[in-house]
Amino acid sequence: MSSVAVQREQRRQTLALAPVLPMNKSNCTVSSTNNSPSEPVGHGDSEHGDSLIYSLPYLHEDIWRHIHSLMPMSAAARAACLSHSFLNSWRFHPNLSLNFKTLCPRTSRGNFKCKIDSILRNHLGTAKILKLNVADEDSTYPYIDRWLEVAVTPGIEELTLTLHKKYIFACSLLSDGVRDSIRCLELNLCAFHPMAELGPLRSLTKLHLRCVRITGDELECLLSNSLVLEQLKLYGCNKISFLKIPCVLQHLSCLTVSSCFRLQVIVCEAPNLSSIFLCGEIKLSLGEALTMKALLMRRPNVVCYARAQLPSIMPNLETMELGSDSEAVNIPMLPTKFLYLKHLTIQIAGGTFSPSYDYFFLVSFVDASPSLETLYLDLTCCIVKAAVSLERLVLDTLRGGDDRCCGESNGKICWPVSNAVLKESARAAIAVRRYIEDKVSPTTTLTLVEPCTRCHSLAFG
């Protein structure tokens, strides 16, 4: 095959990855010769015998590669169809995001594995960022090992993988050179079995595991080899029943654990933890957490637990969010204080509560928090469930007053609000319909106040 034919075939393969940018005479210059130090880009105009080119200046290859690296991947692929310089730099593109949205927005899923295979087979440089999402697609399973062996090389910094429920992420992929460079590792939907002989991950600062089959002992081995880790997030890792976070993690500041239904106990010896987000009935052992600044906990009886235990365990808390669907004991009135607490959110959903539970005991948090600046209480479901004689309930998604518009009613004022506020209002309306509406008594008239069309027309930002 001639060199011209080879170039055509390479461009044809790249073209299959993304639609070609529109070509017309409005974005091209017509020239029969190329007297400037620019590269011909585009297609020939056979009707007039001229060639249509972009007037691209001559730049060093490293500069083109840098420009190309700043482009979104889909745009970078389209540009590679038009320019030999971009086609060459495309093969060295440092950021690869391979998923159905970027590769198959309009075509069938059958082409998905072929496009991934083509991109990785022709990639020549080191990918600094690789995001591969095969979304548990069965057709991709036999190829995952080969793709990762090609793409996960020394110099990679961020690795985000959503793989296949049958797939086992091999520790051999984390070679010595990869362990030196990788800063962020996110694994989704796979198995991972690290052992002590894995070796140190010298640059790893973020570790996120979602629906990963890994045991507590295996995770402890991984953590013990990640001495600069700053952030650990676990979601749906249901092989873990006991988790120990070793004291060698001097830099660990943020811990998130959610939907790990078999996890019963977390023993955290990391000395500088500053924020915890914990969802589930998990016993947490921290010792004296003097550096703790932010806490989010969702579990039964968490309100009583927080008031009774946390002032002595986390005396320097500044932000606390508590969520509970079951409270059996009234909040104790205690002399202990949250001296530095500034922001408090308490959400009590309509679950199982003792008939004698007194919500007015929540005032204990206010008395205990002399520095409190914001307080958000969500008791709507509980009020609706308990107020059997309620005749009318008005829920305003914009937190407005009597002078604010009420739906499309005339005579009311529509105060300008930001688009962000409108989005929050829409989410509030969805929550009301999903969690509250069916709990309202048939004898109660529920009015849900949402932004009217005038509110939307006046929105800013």
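The values are calculated or read from the model by the stated rules, or taken from the named source; none is laboratory data. Just so it is clear, the model here is predicted, and its values are computed rather than measured. Here the Cβ is made from the backbone with ideal geometry for all residues, glycine too, and neighbour counts use every protein chain on show. These accessible areas exclude ligands, DNA and RNA; they are computed on the full protein's heavy atoms, side chains included. Shrake-Rupley method; radii C 1.70, N 1.55, O 1.52, S 1.80 Å.
Determine whether Leu341 is touching an Asp or Glu at 6+ places or on another chain (Cβ under 8 Å), outside the structural domain of Leu207 (by the TED database) and either crowded, with 16+ Cβ neighbours inside 10 Å or under 14 Å from Leu232 (Cα atoms) (or both). Yes, satisfied. Taking the criterion of being at pLDDT 95 or above, open to solvent by less than 20 Å² (accessible area, probe 1.4 Å) and small (Gly, Ala, Ser), the only residue of the stretch 191-211 that qualifies is Ala191.
Looking at the stretch 320-364, which of its residues are modelled with pLDDT of 80 or more and among the small types (Gly, Ala, Ser)? Those that are modelled with pLDDT of 80 or more and among the small types (Gly, Ala, Ser): Gly323, Ser324, Ser364.
What do you reckon, is Leu255 buried (at least 21 other Cβ atoms within 10 Å of the Cβ), modelled with pLDDT of 95 or more and assigned to a loop (DSSP other than H, G, I, E, B)? Criteria not met by Leu255.
To keep it simple, each residue is scored yes or no on (1) at pLDDT 85 or above; (2) open to solvent by 10 Å² or more (accessible area, probe 1.4 Å).
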position	(1), (2)
Met71	no, yes
Ser85	no, yes
Leu132	yes, no
Asp136	no, yes
Pro142	yes, yes
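One residue stands out in the stretch 285-295 among those that are open to solvent by 30 Å² or more (accessible area, probe 1.4 Å) and not small (Gly, Ala, Ser): the one that is nearest to Ser241 (Cα to Cα), namely Leu286. Scanning the stretch 174-194 for any residue that is within 20 Å of the chain's Cα centre (by Cα) and under 20 Å from Cys268 (Cα atoms) turns up nothing. Of all residues in the stretch 139-155, none that is in the same structural domain as Lys128 (by the TED database) and touching a residue at least 60 places away in the same chain (Cβ under 8 Å) has its Cβ atom under 6 Å from the Cβ atom of a residue that is β-branched (Val, Ile, Thr) and part of a helix (DSSP H, G or I), 6 or more apart or on another chain.
Can Leu209 be described as within 28 Å of Thr153 (Cα to Cα) and outside any loop (DSSP other than H, G, I, E, B)? Against the criterion (within 28 Å of Thr153 (Cα to Cα) and outside any loop (DSSP other than H, G, I, E, B)), Leu209 qualifies. Lys113 falls short on exactly one of the conditions (1) surrounded by fewer than 18 Cβ atoms within 10 Å (Cβ to Cβ); (2) modelled with pLDDT of 75 or more; (3) of a type in the set (D, E, K, R), and that condition is (1).
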